[in-house]
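The structure appears right after this line, and notes come after that.
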Amino acid sequence: MKLQCLFVVASLACLLSFASQSALAQQPPAPQPADTTQAADTTQTAPLPAPEQQPAQEQEDQSSRQFLLPPADGLVTAHGYNLKVTVRMAPVYDDSTLVSNISGYIPRGSVVGVLDVLDNWYRIEYGEEGDRKTGWLISYGVERTHEMEHIVTSRDDQNRWEGLRVVVKAGETPVRSFPSSAGEVLVKAYRNEIFNVSGASENYYMVQLSNAVNGWVWRGDVEVYEEPKYTKEQVQQMYDTVRKHKQRIDDLQSLIYDLEQRGARVDSNIELLAILDERMKAEQARMAAMVDRKPFFQFDSLKHRLSLQAGFLRQGFAADLGLDVTMLTGFGLRYRPSEKLAFEFGRFGGNPAMLTPGDSSGGLPTGLNGLDSLSVSAKFWQIGARWMIGALGGVPLLGGMNNYLYGGLGFLTLTPRTASYTGSQSLWGPVLGWGFTREMFGSLSIDMGLRVFLSQTEVTDVRFSGAQLLQTKSVFLNNVGLNLGASWRF
């Protein structure tokens, strides 16, 4: 009985072993990588900065549909490798058959991760984050790689490694067969050795050791190599040229210094000549002025020097004089012996009215005292000179006028017009004033000014008549007048 049981168990073990071997024999083989020789020639790209400085691709390739894959976590993939597209555009199928629908295309140089393998097909995942899709790539047109996942988005990106080189900055660094510290060391590279870059992973550069062999170096031991602008031979040639011309430059600097010193002496002489020239011009101007200067008083001709005046004088009188403001009319004659000085003579006449005696005024000239009804006739004679001072700049209105100062003597005669009364009162004194004139057209000009007639006389206060003796006193009179007239120059 025991022997029968042992026989049955042995038979079952043999059957299980045979079934396992049959299953392994029937399992499809893993797809073989495509030829990478031609692909390596088409993925060499233009120089790019270090990956951490590389800008994002933003331009769309109008000739292909774009699918952007998010970066993978280095080389930690389900199958230990990624796939790199070696054909111009690799179609992505919905299923692992050629008759299935094509959902998109992946351009040459793109690297994608592998999710599953079935015969000659690779199952991949692609698309933007948040809208991920799965699809199938046929083994034709792809190759296995250890590069990081990357989707080419423009034709420039396809050649992103072309011309990029790195130089070893560490003392020595291993070049490994796999981008990991566990990879086999192919060779060791030493400081200042330069390699062409053909790919990159997260922490490694793939460098070309020979035409057919690539290796991986750690990014921390290398840096991007920039070609020097000049070769050593060119630098040495430039140095020799500079050294040859140094003596010439020193000679030129010495010559320039000597010229500067001479120039300074010339400038000094020019300044001295300029001072002498100014003095000569001033002397010439003085001599010309002496020749052309006219005498202060010119009596050679009365033409253009004699003027006839006519106008009004609104003459006011001091309160102690007992006369009201009166408008006097008159005429005069003016003679200009020079441009600054002019002599003039004038006569004005009028009938001033008497003021009614009041609290502020009750005076009357002593010579006219005692008349019950008094009508006065006034004659005012003036003779004097005016000095022209020209326009007053910055003063409104007066800036465009020819201003002058006036000084002379005045003689005022007050005569009563009452019958059988022959008395009169005469006042005289200095006349001071200021005025301005403005030429209108031709020989006609307008004059306006303010004049003050200063005088002293005796007056009688008539407010106390009949009550007590009349009070007589000597007063100083300040009589202000305003004149307006016109003059005609012969």
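Each reported figure results from applying straightforward, stated rules to the coordinates on display, with no laboratory input. Being a predicted model, the structure only gives us computed values, none of them experimental. Here Cβ is always computed from backbone atoms with ideal geometry, including for glycine, and neighbour counts include all displayed protein chains.
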**Study point:** Summed side-chain charge close to Pro179 - residues other than Pro179 whose Cβ falls under 11 Å, Lys, Arg +1, Asp, Glu -1
**Key:** 0
Check your understanding: According to the square roots a ≥ b ≥ c of the eigenvalues of the Cα gyration tensor, what is the shape class of the stretch 159-285, taking rounded for a/c under 1.5, prolate for a/b larger than b/c otherwise, and oblate for the remainder?
Key -> prolate
Check your understanding: What does the charge add up to near Thr329, with Lys and Arg as +1, Asp and Glu as -1, over the other residues with Cβ less than 13 Å from its Cβ?
Key -> +3
**Study point:** Cβ-defined net charge surrounding Leu83, 13 Å radius [Lys, Arg +1; Asp, Glu -1]
**Key:** -1
Practice item. Using θ = phi - 60° and the Karplus relation 6.51 cos²θ - 1.76 cosθ + 1.60, list the HN-Hα couplings for the stretch 245-257 in order, rounded to whole Hz, with x at every Gly or Pro. Key: 8, 4, 5, 5, 5, 4, 5, 5, 5, 5, 5, 5, 4
Point to revise | Pairwise FRET efficiency - Arg262 versus Tyr335, Cβ, R0 = 41 Å, nearest 0.05 | key: 0.05
